[in-house]
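The values are calculated or read from the model by the stated rules, or taken from the named source; none is laboratory data. Keep in mind that what you see is a predicted model, and the values were worked out from it rather than measured. Heads up, the Cβs are rebuilt from the backbone with ideal geometry, glycines too, and the neighbour counts pull from every protein chain shown.
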Amino acid sequence: MSQSAVCFSLMALCVKYASDSVSPFQIVFFRSFFGMLLVLPVILRKKLSLWGEERLKLTARGVSGFGALILHFYTITKLELGMAIMLNYTAPIFTVVFSVFFLKERPSISLCFLILLSFAGVVLLNTGPGMAWDPAVWLALLSSVFAAFAYLSIRTIRHRESPYTVVFYFTMISTVGSLFFLKDWKWPDLGTWGLIAGVVIFSFYGQVWMTTALRRAPAYLVTPFSYLHPVLSFGYGWLLWGDAITWTIAAGIFLIVGSGSLISYFETRRREKLPASLSHCSPFTFSD
């Protein structure tokens, strides 16, 4: 998960620079299309199933992943880098909220408190000068909603499908979906092609390592390491663009990272206490 976080932070950095020359929707297309070309030879070489067995869940994961990706890339171009990444990492909040609506579960008082802390962190992130709850902030939060569904899907198919099959569905659906958003096509110059190559390579390995981590270890163990991604992104923004990191922003980061990690911990522990017949029954459980 740490390797995945580093790769995703470098991917976001490439997206930020590449968006100066081409639209974020073109970047999504290139990232998805070339990512699909990268994963196909791996699937063939390892003699894995291309279409898998849980096709409905794989498709749902691909669609939700595409929604998260296209909104995420768009908001990276509109917000400060660290801010866009951090808002995308509110997915654990929505995971617990979804369990209330889809599973009719009653979260504990401690989980409700952690959810409120996470939202307080989001508010603190957006109290800085010039933020004023930019519309891109809401799109970034919507991206985390789609990401939550994508993570849920990964957990439910972890023992039945190869991570490469999961990545294939995601890249294929994202390639087709991004075509509907392409209007003013612009061919990248040589430097932009290099950045796009970085987006493709870093996102490919970030996706594979993230999927592998979630399949092989409890979510509470690996989730905290994923927060290395937004921390690095805030560092990039501070070093390269002079983005300010105020005390309120630092407090917001602390609340989101801390509460997100604890939510993952408590939810995973709760699932482990369930009988074996129930611990894997839900298609909407993040940490089963």
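Scanning the range 22-62 for residues that are among the β-branched types (Val, Ile, Thr) and buried (at least 19 other Cβ atoms within 10 Å of the Cβ) returns 22, 27, 28, 39. Taking the listed residues 26, 3, the one that is touching a Lys or Arg at 6+ places or on another chain (Cβ under 8 Å) and not β-branched (Val, Ile, Thr) is 26, with no other qualifying.
Exactly one residue among 265, 205 is closer than 13 Å to residue 4 by Cα, crowded, with 17+ Cβ neighbours inside 10 Å and either modelled with pLDDT under 95 or under 15 Å from the mean Cα position of the chain (by Cα) (or both), and that residue is 205. Against the condition within 24 Å of residue 149 (Cα to Cα) and either charged (D, E, K, R) or in contact with a Lys or Arg (Cβ under 9 Å, 6 or more places away or on another chain) (or both), how does residue 39 come out, does it pass? Taking the combined requirement at face value, the residue does not satisfy it. Of everything listed in (1) touching a Cys at 6+ places or on another chain (Cβ under 6 Å); (2) more than 26 Å from residue 164 (Cα to Cα), the single unmet condition for residue 195 is (2).
Against the conditions (1) at pLDDT 80 or above; (2) of a type outside the set (Ser, Thr, Tyr); (3) out of contact with any helix residue (DSSP H, G or I) (no Cβ under 6 Å at 6 or more places or on another chain), residue 160 satisfies every one except (1).
Can you name every residue in the range 184-195 that is farther than 12 Å from residue 20 by Cβ and touching a residue at least 12 places away in the same chain (Cβ under 8 Å)?
Scanning the range 184-195 gives 184, 185.
Restricted to the range 241-259, and to residues that are without any contact (Cβ under 8 Å) to a residue 12 or more places away in the chain and either among the polar types (S, T, N, Q) or part of a helix (DSSP H, G or I) (or both), which residue is surrounded by the most Cβ atoms within 10 Å (Cβ to Cβ)?
This residue is 250.
Summed over the range 154-210, residues that are among the hydrophobic types (A, V, I, L, M, F, W, C) and more than 16 Å from residue 15 (Cα to Cα) total 17.
Quick check, is residue 49 of a type in the set (Ser, Thr, Tyr), at negative phi and either touching a strand residue (DSSP E or B) at 6+ places or on another chain (Cβ under 6 Å) or at pLDDT below 80 (or both)?
It is false that residue 49 is of a type in the set (Ser, Thr, Tyr), at negative phi and either touching a strand residue (DSSP E or B) at 6+ places or on another chain (Cβ under 6 Å) or at pLDDT below 80 (or both).
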